[in-house]
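Enquirer: Have a look at this one.
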Amino acid sequence: MTGESDVPLPVNDAGQPAGPARRSLTDGEWHRLHAATPLLRGGIAVLAIAGFVIANLRERLLDVFVPGAAEFDENYDPLTYVWEHGYVGLALLGVLGVLAVVMAAFYLSWRMHTFRVTDEAVEVRSGILFRTHRNAKLDRIQGVGISRPFLPRLFGAAKMEVSVAGADASVKLEYLYSRDADDLRRDVLTLASGVHLASQGLAPAPTVGPDGIQNEAALSRIVNERVNDFLAPELDPGAAPPESVVRIPLGRLIGSTVLSLGTVFIFLLAVVMMVSLVNGQIWALFWFIPSVIGIVSYFWTTVTRSLRYSIAGTPSGVRIGFGLFSTSNDTLPPGRVHAIEVSQSILWRPFGWWQVKINKAGLSAEAAAGGKGNTTVLPVGTLTDVSRVVELLLGVAPTAALHNELGLAIRDPSRSGFVLAPRRARWFDPLAWRRTGYALHDGLLIFRKGVIWRKLDLLPLARMVSFAVSQGPLERMLRLASARAHTVIGPITATLPVIGTAEAANLFEQVSAGIVVASRTDHSHRWAEAQADTVPPSTGGSL
C-alpha cells in the first residue's frame, strides 16, 4: 500500500514541542487511524460476548476438547481437571493461539483501514476480505462533526463524521487520535471552502519521526493529555469571538427539562396510580414504576447531554458543542442550513424561553425521525439567544433590529410585514388564524403559526427544494388554501396551514421567482471564493 503513513504525532496549540511535530493529514497520502480502532469499533463487545459464552458453557466446551469430561461430577472444576492431568501447557498454548489470532485480526483490520484527504475529497478504505471505498466530495460537505464518547476518550480517540448531501452518504473516521481531530476538521473545511491551506498559513509541517522519544516522557505526555482532555472546556476560548458564543445556564437547562410534556405525563400517571391503589389495584405499581424510571432516565440524559452547551461562529462555520462525559460538536459551513424553526411551548411562555431546530442535508429518514444528527441547535434560550443563533445560522451581521423583528414577528405578526390569513380562515383554524401568515425578506421565506405552541419557520430560498400550494373542496368554497415548502429531511415540516387564495397564488409566484434568483447567485459550495468575490450571501438577511 503505497503512500501510507503511520500514526500522526502531536503538537500543542502553542506550537511548542509537546512531543514530535504534528504530521499533516491533508497531504493527499493514505493515513491510518487510532491504534485502538478495532477494539473500540466492536472488539470489546466481541471479547465480552466470548467471555460470557465461555463462562456459561465451559463444561460443554471441555467435553468437546476432552472426551469423557461430561462423566465428572457437575461441581467438578474444569481448571482442576486440566491441572491434575498435566494439560496446563496445552491449555496455555491454546489460549496464546487464540490471542494471537485475535490480535492478528485486530492488526489486519487496523492496517487495512486507511483514509486520505485531497483537494477534492475525503476517502476511506476498509475491510480485510471484503473491501469498501467511500468518498466524500469536498464541495458537497454539509458539516463535519466530532464526537468523543466516554470510553474512546480514555484511549485518546475521537470519531469524526463528514456529512455530505444524500441519505446515508456520510463518511466516518472511527477513530482518530483526539489531538488531531480538531485540526483535521479545520483543514477539511478550509479545503472545502475553496482555499488552499498554504494561503491560510496551514501548510503541512515537516514530518518528524518518533526516534529519540523517551518512554517516560511519552507516558507522562499521554497521561497529561487524558487529564487535560477531561478538564478542558468544551469550546476553546480562542476558537471563536466571545461575543458570538451562546451558552445555557444550568438552572435554565434543568427548569426547561422539568417544564415539559414528560412532567405532565408523570403527573397524570401519578393520579391514575393513586386512584388504582385506592381501589385496591396493587398491580398498578408494576407499570407505574418502570414508566417513572424511563421518564426520569430521559430527563437525566437530556440534562447531561446538554451540559457545557455552546454555539459560536468560527472561521470554518457555526460550531455547536455539548456534553459532559461524552462530548459532541458539529461545525456547519456557511449555506448548509436548509430550514430554521423557532418554537415555544405554553409551559415556557412565562419564562420567555425558546428552542431552535434546523434541517440539514445528510440525514437519513430514520435518523431524522429519531431526532438524531444534532438538529436541535439551541435546546433552550431567551429571545436574545435566539436572535444571536439565527444570525450565526444565516450568516448575517449582529443587529438589534433582528432581535426586535423576531420578537414582533412572534408576538404581533400584523405589525411586522406579515400577510395574515383572512377572517374566514377561523372555520379551519379557530385559535391561531389571527397569528398565521407569511413574509418574504431578502431571500428568506418566513412562516408564522400557532398559539398554544408558537412556531416561526425561516426558510432560505437558495436551499429550498420545491414549493407547493394546495386546496381542498372545503377550502375552495371559502377561498382558502395551504402552502408547504419542501426542504431536506429533518425535524421541521414547513407548512402554512391556511391562507387566502389570492395571497397563496401571489406567494407561489414570488417564491418561484425568488428560488431561481437565489439559486443562480448562490456560491456557498465554495464559500471562501464567494466571499473573495464579494458576492453577498443569498441565504441571509434581516427580517
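The values are calculated or read from the model by the stated rules, or taken from the named source; none is laboratory data. Predicted model, so just to flag it, every value in this text is computed and none were measured. All Cβ positions, even for glycine, are placed from backbone atoms using ideal geometry, and neighbour counts span all protein chains on display. Protein only, heavy atoms only, side chains kept; ligands, DNA and RNA dropped before computing areas. Shrake-Rupley method; radii C 1.70, N 1.55, O 1.52, S 1.80 Å.
Enquirer: Quickly work out the ARG426-to-ALA104 label distance, labels modelled 7 Å from Cα along the C-beta direction, and quote it in nm with one decimal.
Expert: 8.2 nm
Enquirer: Can you tell me how much longer the chain between ASN135 and THR118 gets when fully stretched, taken as 0.36 nm per residue apart minus their C-alpha distance, in nm with one decimal?
Expert: Contour length minus the Cα-Cα distance gives 5.0 nm.
Enquirer: Rounded to the nearest 5, what % of the DSSP beta bridges within segment 436-510 are antiparallel ones?
Expert: Antiparallel bridges make up about 100 percent of those DSSP assigns within segment 436-510.
Enquirer: Report the Cα centroid-to-centroid distance between segment 416-469 and segment 110-189 in angstrom, as an integer.
Expert: Going from one Cα centre to the other spans 39 Å.
Enquirer: So, one more: Tell me the accessible surface of TRP453 in square angstrom (1.4 angstrom probe, heavy atoms of protein chains only), to the nearest ten.
Expert: Solvent-accessible area, nearest 10 Å²: 120 Å².
Enquirer: To continue, here is another question. Picking from LEU408, TRP427, MET464, whose Cα lies most toward the positive end of the charge dipole for segment 404-470 (charges on Cβ: Lys, Arg +1; Asp, Glu -1)?
Expert: TRP427
Enquirer: Among the chymotrypsin sites (Phe, Trp or Tyr not before Pro) in segment 264-344, which ones are in a DSSP loop with at most 16 other Cβ atoms within 10 Å of the Cβ? Mind listing them?
Expert: Listed in order of number, the matching sites are PHE325.
Enquirer: Give me the extension gain from ARG221 to PHE351: residue separation times 0.36 nm, minus the current Cα-Cα distance, reported in nm with one decimal.
Expert: 42.1 nm
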